[in-house]
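The values are calculated or read from the model by the stated rules, or taken from the named source; none is laboratory data. These numbers come from a predicted model, not from an experiment. Positions of Cβ are backbone-derived with ideal geometry, glycine not excepted, and every protein chain shown enters the neighbour counts. Keep in mind that these areas ignore ligands, DNA and RNA; they rest on the heavy atoms of the full protein, side chains included. Shrake-Rupley method; radii C 1.70, N 1.55, O 1.52, S 1.80 Å.
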Amino acid sequence: MIRLFARRCAASAVDGAAALLLALLMGRTLGPFFASRAVITLRIDDPESLWKGPIPMVLGIVGEVAYLLPLTLTLILLAEPLTGRTPGKAVTRLVLSPNDDMTRWRRFAAKGSGPLLCVLGLLIGRWEIAAAGVVATVVI
């Protein structure tokens, strides 16, 4: 039981590292777009905004990568319904059981809903949706 938990944690760490690596690779291309969407969505330049203090400043420093992480994590998690495994599950040799299409898409809907909501919130300019995505990611 403990071994399985350790393998799942390792798989999640590999998936997170893959998402971070992908965000670093895509940082110069899509990073400025998502960072500019974050300024609009979170109204960072607005004096009446809720987003004041050190958090927007820190995210602004690493914005090209930080705002891309939800997108890249969604892409990494999308590998599971498409191929049956995420990169982390492939490395740790974890197998989904049962491994049918409907189960894969349900798992993606649950696990990928948080990052997907973050991306959607940034794209349509609604910080409430992005915040719900962050909460969903933490809870799930």
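Based on every Cα atom in the chain, Rg and the maximum pairwise Cα distance Dmax equal 16.3, 52 Å.
Between Asn99 and Glu128, the distance separating the two model label sites (each 7 Å from Cα on the Cα→Cβ line) works out to 4.3 nm. Using the membrane-span-like helix rule (whole DSSP H runs, Cα extent along the own axis of at least 27 Å, mean Kyte-Doolittle hydropathy at least -1.0), which helices of the chain qualify? Span-like helices in the chain: 2-26.
Computed with a 1.4 Å probe on the full set of protein chains, the accessible area for Met26 sits at about 40 Å².
Only protein heavy atoms count here; on that basis, with a 1.4 Å probe, Thr137 has an accessible area of about 60 Å². Residue order by solvent-accessible surface for Trp105, Trp127 is Trp105, Trp127, largest first, with ligands and nucleic acids left out and a 1.4 Å probe.
Among Ile40, Ile129, the order of accessible area from largest down is Ile40, Ile129, computed with a 1.4 Å probe on protein heavy atoms. Put a plus charge on the Cβ of each Lys and Arg, a minus charge on the Cβ of each Asp and Glu, and nothing anywhere else: the dipole of the chain about its Cα centre is then about 620 debye.
Remark: the chain carries 61 Å² of accessible area per residue (probe radius 1.4 Å; ligands, DNA and RNA excluded). Spin-label model, Val135/Thr83: points 7 Å from Cα along the beta carbon direction are separated by 3.4 nm.
Ranking Glu48, Glu80, Glu128 by solvent-accessible area of protein heavy atoms (1.4 Å probe, all protein chains present), from largest to smallest, gives Glu48, Glu128, Glu80.
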